[in-house]
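Asks: Sharing a structure, written as structure tokens. Questions coming.
The values are calculated or read from the model by the stated rules, or taken from the named source; none is laboratory data. Owing to the predicted nature of the structure, the values given are computational and were not obtained by experimental measurement. Here the Cβ positions follow ideal geometry from the backbone for every residue, glycine too, while neighbour counts run over all protein chains shown.
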Ligand code: PEP
Ligand code: MG
């Protein structure tokens with residue numbers, strides 16, 4: 001078996017499409033080398049070794065050692081130095097690289113191959129003793145903490161001690177002999193802590209580092225990260241061993257991290273940060289302030305790479321073009337300049353905000369790099385959500401507290417918490433929190449996930465907080481230096497203002513501003529790139545997208561977002577209005593038909609006006625109106641004053657009413673007197689609603705000469721007979737209204753399929769139905785026998801333990817609930833070829849459920865107004 005793949009110096013055994021085997025980093029290093037970019041030579045140990053390692057009690061396959069040796073030989077031949085050689089030592093880096101990037105989650109060791117003898121070789125070869133001893137101490141420090149598990153504070157203490165002793169303040173002031181002293185101190189400390197001397201044999205060092213990288217696949221942070229991002233443990237990581245190049249060998253050296261376009265806004269500009277005379281980790285560590293790449297982005301006190309290193313920069317600009325043309329996507333790259341020579345250390349598709357993802361997809365299509373279909377595929381529908389979220393209202397009053405870097409756009413408001421654990425705990429209680437940290441580390445990701453927004457006082461645009469927040473779509477203000485944070489006293493202060501934990505702040509991740517208290521927000525813009533991409537999506541999608549809406553505001557929002565009709569108008573939601581609830585209670589509590597009719601007569605004008613409004617806003621688009629379907633308890637009077645009010649409206653006494661309310665209350669309302677059961681026992685209710693619908697439709701038809709086509713939907717049908725009875729009632733009322741008004745409209749009558757029995761007998765039910773709408777909320781509840789109202793208490797545990805892959809109320813269960821949907825669709829179509837099929841449960845706005853709906857060939861999905869754009873895009877992707 002080939003366990004090791006070489007790259008660079010004309011020997012490229014891997015390719016970009018081999019990322020499963022080589023990990024993203026290894027595959028792309030090989031790809032970059034093979035398209036002629038300057039990549040230091042190296043080799044990749046495959047992810048299969050990682051799998052083997054965990055299956056064999058952390059042992060390696062027998063052939064590995066020889067293959068690693070051969071890989072090392074390839075590097076030595078290419079570079080002209082020898083691993084462990086005292087005069088011209090080869091130094092290597094050892095890095096992890098999984099199939100998908102897991103930033104900062106796993107371990108890295110640099111400068112490997114240094115020991116007491118080779119460090120002298122490096123002194124001679126580089127002509128720079130200070131650099132050589134600094135490199136050696138960096139190596140002991142990294143190897144010591146990553147491979148030997150020595151606490152990093154122990155290293156810092158030794159540096160501090162030497163600084164104190166010599167009166168130096170900054171690392172940069174330390175001389176070669178002083179770094180030599182640090183090295184001696186490190187070695188002594190490592191021997192003391194681990195009971196063994198620091199390993200001097202480069203081969204032992206190499207295997208130690210390889211083992212540490214493979215082990216880091218199972219460290220706590222990596223495990224958490226995988227859980228949050230749905231990455232299977234079986235994938236494993238690869239290990240990349242590569243010749244070191246040095247960005248810290250003098251003023252003609254540099255290192256940087258950049259993006260081929262702006263990852264926050266998507267703007268087509270070379271974007272990123274670099275540092276002269278520095279090694280990779282210095283850029284992210286936040287000790288020195290990194291400088292911008294492009295002069296266009298430089299502030300007066302900054303020195304762009306374009307100005308400072310024009311030749312290397314020009315070369316990098318060419319690399320940027322080559323990479324974008326080759327990968328046809330925005331790249332996130334790492335590079336090092338050693339003695340004015342550019343080396344590429346990494347490229348990968350860059351993480352970006354939702355706004356950037358949209359802009360880059362549309363721009364690249366317009367630049368001809370990708371086609372429209374590809375652009376539609378590029379944007380994650382779930383991420384669109386971020387763009388549809390509010391931003392700060394420019395007119396709202398506000399009190400600025402501080403300003404940091406605009407690290408991840410969007411506005412967020414919440415109470416201040418100072419730890420990831422507290423953020424998680426309070427978010428679970430339903431509170432909105434802003435996580436405030438000096439800086440974040442991979443240990444904080446659960447809290448960042450739980451928070452509405454993140455604020456850090458240290459770190460730049462590529463700091464951990466910024467990168468992770470952008471990936472998660474959380475607004476983030478980073479590097480807010482004027483804010484000081486006191487964890488012990490749970491308080492942050494800035495310019496004399498103090499905010500305690502639990503008090504509210506608002507952050508704007510688009511400007512970097514932090515405000516005291518809460519600031520009003522406004523709706524997002526839906527024009528420009530958004531409209532362009534949606535237009536492309538609409539061209540390729542087959543599924544129609546409707547909205548679940550009952551109020552005029554919801555209906556208007558739905559149309560603004562591009563809904564092609566209303567798929568579910570829940571009429572019971574129209575009855576909670578204070579003006580009406582009294583009449584609704586009166587209707588429910590009345591003991592006779594005559595009593596109910598009095599209450600219904602009060603409700604009719606309201607209900608008719610509701611439908612007039614809806615039909616007018618929807619202007620001829622289909623509107624599905626569902627007749628009353630409440631679990632009755634939602635409407636029963638509870639308080640004394642409510643009971644007294646109903647009593648007086650019915651002319652009954654209070655005690656009687658209390659007893660009646662008790663009689664009506666059910667042990668299991670979700671399976672009780674609701675849906676069509678209500679319409680069958682009290683036909684006058686459905687008669688009133690049907691009348692309101694037809695009178696409204698005729699009125700609008702007369703007024704606009706464009707008659708609406710209402711679709712009247714009967715809920716909770718289990719048997720054909722239930723639908724026959726209710727349908728006959730609706731048809732009769734229609735004829736009555738047509739006769740009274742002298743006006744005729746087209747309408748259809750259909751049913752929800754939301755009970756397993758209805759799904760299994762859908763052929764019989766279809767005889768009386770013009771359409772089916774799958775009510776997957778109830779269908780999930782009844783298929784799993786899982787109460788919608790109570791599942792929240794234990795469902796998260798089921799998901800956490802992997803008993804359910806996802807919450808079945810969020811994402812449709814394809815094997816059970818989905819099977820019923822499939823059966824019903826097939827049976828319905830067999831009886832009635834043109835029966836219209838839709839879905840109106842919450843799943844109608846969930847991208848993976850929409851893929852399922854496409855596979856069943858439903859005609860439309862219906863979801864809440866804000867999810868309509870998400871559904872349009874997901875439907876397009878499902879069709880591709
Ligand atoms: C459903 O059951 O899926 C549905 C849409 O109806 P409701 O949520 O109103 O019960
Ligand atoms: Mg339902």
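Asks: Specify the residue that is surrounded by the fewest Cβ atoms within 10 Å (Cβ to Cβ); the eligible residues are those in the stretch 619-640 that are farther than 17 Å from residue 582 by Cβ and within 16 Å of ligand 2 (Cβ to nearest atom).
Replies: 633
Asks: If we scan the stretch 44-51, do we find a residue that is touching a helix residue (DSSP H, G or I) at 6+ places or on another chain (Cβ under 6 Å), modelled with pLDDT of 95 or more and part of a strand (DSSP E or B)?
Replies: Yes, because at least one residue in the stretch 44-51 is touching a helix residue (DSSP H, G or I) at 6+ places or on another chain (Cβ under 6 Å), modelled with pLDDT of 95 or more and part of a strand (DSSP E or B).
Asks: Looking at 768, 864, 811, which one is within 21 Å of the chain's Cα centre (by Cα) and away from ligand 2 (no atom under 16 Å from the Cβ)?
Replies: 811
Asks: Still on this model: Checking residue 503 against (1) crowded, with 22+ Cβ neighbours inside 10 Å; (2) closer than 21 Å to residue 403 by Cα; (3) at pLDDT 95 or above, which test does it fail?
Replies: Failing condition for residue 503: (1).
Asks: Further question: Take the stretch 339-348 and flag every residue that is under 13 Å from residue 315 (Cβ atoms) and either assigned to a strand (DSSP E or B) or under 35 Å from the mean Cα position of the chain (by Cα) (or both).
Replies: 341, 342, 343, 344
Asks: Are there any helices (runs of 4 or more DSSP H) wholly within the stretch 412-515 with 3 or more residues that are within 17 Å of the chain's Cα centre (by Cα), and if so which?
Replies: Correct list: 445-450, 464-472.
Asks: Which residue out of 840, 853, 863 is within 14 Å of ligand 1 (Cβ to nearest atom), closer than 15 Å to residue 384 by Cβ, touching a residue at least 24 places away in the same chain (Cβ under 8 Å) and in contact with a strand residue (DSSP E or B) (Cβ under 8 Å, 6 or more places away or on another chain)?
Replies: Residue meeting the stated conditions: 863.
Asks: Next up: Just wondering, is there one or more residues in the stretch 724-732 that are within 16 Å of ligand 1 (Cβ to nearest atom), in a helix (DSSP H, G or I) and over 24 Å from residue 834 (Cβ atoms)?
Replies: Scanning the stretch 724-732, I find no residue that is within 16 Å of ligand 1 (Cβ to nearest atom), in a helix (DSSP H, G or I) and over 24 Å from residue 834 (Cβ atoms), so the answer is no.
Asks: Need the failing condition index for residue 357 against (1) assigned to a helix (DSSP H, G or I); (2) modelled with pLDDT of 90 or more; (3) surrounded by fewer than 20 Cβ atoms within 10 Å (Cβ to Cβ), just the number.
Replies: The single condition residue 357 does not satisfy is (3).
Asks: Could you run through the stretch 237-269 and say how many residues are in a loop (DSSP other than H, G, I, E, B), within 27 Å of the chain's Cα centre (by Cα) and at pLDDT below 95?
Replies: 8
Asks: Looking at (1) within 16 Å of ligand 1 (Cβ to nearest atom); (2) in a helix (DSSP H, G or I); (3) surrounded by fewer than 20 Cβ atoms within 10 Å (Cβ to Cβ); (4) in contact (Cβ under 8 Å) with a residue 40 or more places away in the chain, which is the only condition residue 673 fails?
Replies: Condition not satisfied by residue 673: (2).
Asks: Yes or no: residue 796 within 16 Å of ligand 2 (Cβ to nearest atom) and either at pLDDT below 95 or touching a strand residue (DSSP E or B) at 6+ places or on another chain (Cβ under 9 Å) (or both)?
Replies: The answer is no for residue 796.
Asks: Filter the stretch 746-765 for residues that are more than 40 Å from the chain's Cα centre (by Cα) and crowded, with 19+ Cβ neighbours inside 10 Å; which is nearest to ligand 2 (Cβ to nearest atom)?
Replies: For the stretch 746-765, the residue satisfying everything is 765.
Asks: Looking only at the stretch 676-723, which residues are assigned to a loop (DSSP other than H, G, I, E, B), closer than 19 Å to residue 778 by Cβ and more than 16 Å from ligand 2 (Cβ to nearest atom)?
Replies: Matches in the stretch 676-723: 719 only.
Asks: Which of the helices (runs of 4 or more DSSP H) found entirely inside the stretch 739-826 contain at least 3 residues meeting this: in the same structural domain as residue 696 (by TED's automatic domain parsing) and away from ligand 1 (no atom under 16 Å from the Cβ)?
Replies: It comes to 762-766, 795-800.
Asks: Does residue 659 fit the bill of being more than 16 Å from ligand 1 (Cβ to nearest atom) and over 43 Å from the mean Cα position of the chain (by Cα)?
Replies: Numbers: more than 16 Å from ligand 1 (Cβ to nearest atom): yes; over 43 Å from the mean Cα position of the chain (by Cα): yes.
When the stated conditions are applied, residue 659 passes them.
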